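The values are calculated or read from the model by the stated rules, or taken from the named source; none is laboratory data. Not measured: the values here are computed from a predicted model. FYI the Cβ positions are ideal-geometry reconstructions off the backbone, even for glycines, and counts take in every protein chain you see. We work out accessible area using only protein heavy atoms, side chains counted, and drop any ligands, DNA or RNA first. Shrake-Rupley method; radii C 1.70, N 1.55, O 1.52, S 1.80 Å.
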Amino acid sequence: MNPPESMRLDKWLWCARFYKTRSLAVEEIGKGRVTVNGQAAKAARELRAGDTVDLRQGPVQRTVRVRALSGMRGPAPVAQLLYEETAESIAAREKAAEQHRLAPEPAASLHEGRPTKRDRRNIDQARDWGSRWSASADD
């Protein structure tokens, strides 16, 4: 069976394993997170070998060149043969991963955490909640 000359963008993204389902691919395309040859694309856009696809997977921005088309989704090693990631995209992805790895843990900035019961009493006492007006009958 010969590979097709062109195929839908959403189907290719799914076959190349960029997205887990075709509906996820369609959703990302609809949100404008996927472009083909620098132009906004629709899910039904016909894709051909040699096209350049810019896409975003979560926080990761990738630029790939379409090498081949496949009519079915296969294993990951076979799917990786369908595209070639550009050197700039690989460098940017590795740089972002390194920055993420070196970023401080958000929880490390919390020195005190939640107040204890004693802390809560002290906070309430400092705010003087006991002297405020209430609807209770204190005649």
Considering every residue within the range 95-111, establish whether at least one is surrounded by 13 or more Cβ atoms within 10 Å (Cβ to Cβ) and at pLDDT below 90.
-> yes
Search the range 73-92 for residues that are closer than 22 Å to Glu5 by Cα and pair each with any residue that is part of a strand (DSSP E or B) and polar (S, T, N, Q) when their beta-carbon atoms are under 9 Å apart and the residues are at least 6 apart or on different chains.
-> Glu85/Thr63
Just for the range 2-20: of the residues that are of a type in the set (D, E, K, R) and assigned to a helix (DSSP H, G or I), which one is least open to solvent (accessible area, probe 1.4 Å)?
-> Asp10
Filter result (open to solvent by less than 100 Å² (accessible area, probe 1.4 Å) and modelled with pLDDT under 65) within the range 112-139 = Gly130, Ser131, Ser134, Ala135, Ser136, Ala137
Can you pull out the residues in the range 21-56 that are open to solvent by less than 50 Å² (accessible area, probe 1.4 Å) and in a strand (DSSP E or B)?
-> Val34, Thr35, Val36, Leu47, Thr52, Val53, Asp54, Leu55
Residue count for the range 18-45, restricted to those that are at positive phi and of a type in the set (Ser, Thr, Tyr) = 0
For the range 75-85, enumerate the residues that are surrounded by 14 or more Cβ atoms within 10 Å (Cβ to Cβ) and either small (Gly, Ala, Ser) or part of a loop (DSSP other than H, G, I, E, B) (or both).
-> Ala79
